[in-house]
Amino acid sequence: MNWRTLLPLALLATGCSVPPNQVVPFREGVLRAPTYTQATDHCSAKGQTPRWLGKAPAESGVLFQCN
């Protein structure tokens, strides 16, 4: 394969991942955000308050629920 074939494949593979600065579902009813501020902003936009559940695995953010 040449670089013209590999480049689009590499861009496709990296483009499918979730950016690190987003709130994402972790498991049923639990969300993960990179920071407490982003979690608070996410819940505030819904008119709710965050309930902190602790740190995400590998310290990849915080786990929370919007109540």
Legend entry - Relative contact order for region 19-66, counting Cα pairs under 8 Å that sit 6 or more residues apart, in percent: 36 percent
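Please compute the net charge surrounding Q65, taking Lys and Arg as +1 and Asp and Glu as -1 over other residues with Cβ under 12 Å from its Cβ.
Net charge in that neighbourhood comes out at +3.
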Inset, instruction - Give me the distance in nm between label points sitting 7 Å out from Cα along the Cα-to-Cβ direction at Y36 and E59, one decimal. - result: 1.6 nm
Legend entry - Surrounding net charge for A56, when Lys and Arg each add one and Asp and Glu each subtract one, Cβ distance under 14 Å: +2
Inset, instruction - With a/c under 1.5 counting as rounded, go ahead and sort region 19-66 into rounded, prolate or oblate using the C-alpha gyration tensor (a ≥ b ≥ c being the square roots of the eigenvalues; past the cut-off, prolate if a/b is larger than b/c, else oblate). - result: prolate
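Read-outs: derived from the displayed coordinates by stated rules, not from any lab. Source: prediction; values computed, not measured. Please note: Cβ atoms are built from the backbone with ideal geometry, for glycine as well, and neighbour counts cover all protein chains shown.
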